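The values are calculated or read from the model by the stated rules, or taken from the named source; none is laboratory data. Just so you know, these numbers come straight off a predicted model, no measurement behind them. Reconstructed Cβ throughout: ideal geometry from the backbone, glycine too, with neighbour counts over all protein chains shown.
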Amino acid sequence: MAVPLIQQVRVGAYVLKQWVKGTARYPLVLMLEPLFRCNLACPGCGKIDYEDGILNKRLSARECLAAVDECGAPVVSIPGGEPLLHKEIKEIVEGIISRKKFVYLCTNALLLEKRLHLFKPTPYLTLSVHLDGLESHHDRAVDQDGVFQKAVSAIREAKRLGFRVNVNCTLFDQMTVEETTEFFDFAVHDLGVEGITVSPGYAYERAPNQDHFLNRKKTKKLFRDVFRRGKGKNWRFSQSSLFLDFLAGNQTYKCTPWGNPTRNIFGWQRPCYLLSEGYAPSFQALMDETDWASYGTGNYEKCADCMVHCGYEPTAVTDTIKHPLKALKLFLMGIETDEPMAEEISLENQRPAEYIFESVVQSAASDLSIAGKDLDQERGHAA
């Protein structure tokens, strides 16, 4: 099962409770980034291009668990950077699980086999391994030979030990329909992973390679063609059926970025995991003070082509709870791949992009440096 039954029940109950209470905005998945440092330098990544002073910073286990408590989301995803480089990753994962939260520990798997002894198999922990395709494609995507084979070896060992394993796959425009379907077959039927998390590549402002990101038209065509070929193959996805239906162009959804709030070394990131346009000092400040109406497809140029799960999966999950018969029909009938696509959101009134990443990071880094000096002084006085 792509998502454990206990997780489906608890997350569903949580979302239903928020809906009944009339809560307009609530977190579904906390994106917890304890570090930006990575042992790969993927050309499509916009998360690791910082100076060493920032890459060497870490959120402590105490800070991570405080963020989990502050946010209250039922699911915590731990991306990076590479989380397995963090010296307290065992304590972070154990602390989250002790709170009965579901953890998705993201990793490129280069260190996974060496670190498996740190963790215990449980329905509350899923190892989410980054694979962008079969060997030649994945190694090219991460710009290093041999990574695919190391990841596959780690997945097989993790499965042998009883861990839940998910494959996290980002599709770029050089990935063909044939390659994608072959990779999905391999992941589900050969590796035997519990599920696949799939997303179109988002054009990070600082990503070294800007040539292969998908726009909305290409995304919808690619996923329609893939799902058409996938009929009857029993692929398992760790995402809602309505989100996958959205990727195939059958739903007109608006982004709900507050559903996947991000906490990293700079603070609570505005407005989402993908865009960095400011930081809030607390989760409540993020929710209350962010001008959410300024973001999303149709509202902001940077969001025009985005169809990534961190913005639209919460929308799809809420739609599932509100319209269970619609979700059931999709489950029974499958994703439509031939009828006309749903109406697209107009971009006519979107505001132009503001390229403020550098100034935002400089300001956040300065605040981080000041906070670090204050903490060092406090420790000195305490000693």
Segment 210-250: number of residues that are under 18 Å from the mean Cα position of the chain (by Cα), under 19 Å from Gln8 (Cα atoms) and either free of Cβ contacts under 8 Å to residues at least 24 places away in the same chain or assigned to a loop (DSSP other than H, G, I, E, B) (or both): 4
Which listed residue, of Ile97, Ile54, Ile48, Ile89, is out of contact with any Cys (no Cβ under 6 Å at 6 or more places or on another chain), aliphatic (A, V, I, L, M) and modelled with pLDDT under 95: Ile54
Residue that is farthest from Asn299 (Cα to Cα) [pool: residues in segment 347-366 that are in contact (Cβ under 8 Å) with a residue 60 or more places away in the chain and not aromatic (Phe, Trp, Tyr)]: Ala365
Residue match in segment 165-181 (condition: surrounded by 20 or more Cβ atoms within 10 Å (Cβ to Cβ) and among the charged types (D, E, K, R)): no
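Does Arg37 qualify as being part of a loop (DSSP other than H, G, I, E, B), in contact (Cβ under 8 Å) with a residue 24 or more places away in the chain, within 19 Å of the chain's Cα centre (by Cα) and crowded, with 18+ Cβ neighbours inside 10 Å? Don't jump to the end; show me each part of the working.
Details: part of a loop (DSSP other than H, G, I, E, B): yes; in contact (Cβ under 8 Å) with a residue 24 or more places away in the chain: yes; within 19 Å of the chain's Cα centre (by Cα): yes; crowded, with 18+ Cβ neighbours inside 10 Å: yes.
Criteria met by Arg37.
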Subset tally (residues that are hydroxyl-bearing (Ser, Thr, Tyr) and farther than 27 Å from Asp132 by Cβ) for segment 39-70: 1
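Could you list all residues from segment 6-55 that are charged (D, E, K, R) and under 22 Å from Ser363 (Cβ atoms)?
Glu33, Arg37, Lys47, Asp49, Glu51, Asp52
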Residue in segment 298-320 that is modelled with pLDDT of 95 or more, at positive phi and touching a Leu at 6+ places or on another chain (Cβ under 7 Å) present: yes
Conditions (1) modelled with pLDDT under 95; (2) among the polar types (S, T, N, Q); (3) more than 27 Å from Val29 (Cβ to Cβ); number of the one not met by Thr337: (1)
